[in-house]
Amino acid sequence: MTADSEQSVPGTAGDPGPGTATVTGESAGTGATGADGAAAAPGNPEAAEAPDPETAPWSGPTMWVVPALVAALGAVCLWGAFTVEAPPNVTRPGPAAFPGAVGGLLLLVAACLSAVNLRHLRSGAGSGGNGLAWFEGRPVLLILAGLVVHIAVLEYVGWLLSGALLFWVVAYAFGARAHVRDAVVALSMSAAVQVGFSLGLGLSLPGGFLELVL
């Protein structure tokens, strides 16, 4: 008996009657999927689960997007650290220490990301596919918009308010919805950064119209 042979339940002799049930091997194999057969069928677009961004690396050319952006930001920070003009009365470590440290760490992160990508290429895990299939652009666009607004209004409203706005936008982009609490935390963080720059580095961040009011 082959896999595709028919199995008949005895009904009437000769011609199978209404009491005969015919089951082929192919249909039996299909029925093994059960209630989830439609979800497990190949070619069904809903069958493939979305990859987990924490475990599935980007593939193809897109896997180098993040390392390139991080390396570019690190290079800009280092360039700013080497070209900043410090007043003669500024004590060590001076204004170049912070952007220099951030730039060095960003370049280190970019090197680590590149090493991970090369390891996946050697193992064949990042050779093809759409690496941006799981990517959600809304949080990134919100943060970029907040950064643009922060830079545009920094000189007019001062760091205290513009920095608080930037912190609040980042929290909102990552899913925070307690607006009053987030505003208080953002304002506190912005004030802490301003005090840290003033007392720790001897630098005054832009005060904006608050300098005239206070």
### Message
Being part of a helix (DSSP H, G or I) and modelled with pLDDT under 95: is that true of Leu203 here?
### Response
no
#### Entry: In the stretch 69-92, the residues that are surrounded by 13 or more Cβ atoms within 10 Å (Cβ to Cβ) and of a type in the set (S, T, N, Q)
none
### Leu165 being open to solvent by 50 Å² or more (accessible area, probe 1.4 Å), within 24 Å of the chain's Cα centre (by Cα) and at pLDDT 90 or above
yes
### Filtered residues of the stretch 83-101 (kept if at pLDDT 85 or above and touching a Gly at 6+ places or on another chain (Cβ under 8 Å))
Pro99
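Condition check ((1) modelled with pLDDT of 90 or more; (2) in contact with a Leu (Cβ under 8 Å, 6 or more places away or on another chain); (3) β-branched (Val, Ile, Thr); (4) open to solvent by less than 50 Å² (accessible area, probe 1.4 Å)) across all residues:
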| site | (1), (2), (3), (4) |
| --- | --- |
| Gly128 | no, no, no, yes |
| Ala133 | no, no, no, no |
| Gly137 | no, no, no, yes |
| Gly146 | yes, yes, no, yes |
| Gly158 | yes, yes, no, yes |
| Gly175 | no, no, no, yes |
| Arg181 | yes, no, no, no |
| Val184 | yes, no, yes, no |
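The values are calculated or read from the model by the stated rules, or taken from the named source; none is laboratory data. Here the structure is a predicted model, which means the values were calculated and not measured. Glycine also receives a Cβ, built like all others from the backbone with ideal geometry; neighbour counts cover every protein chain displayed. Note: accessible area is taken over every heavy atom of the protein model, side chains too, but ligands, DNA and RNA are not part of it. Shrake-Rupley method; radii C 1.70, N 1.55, O 1.52, S 1.80 Å.
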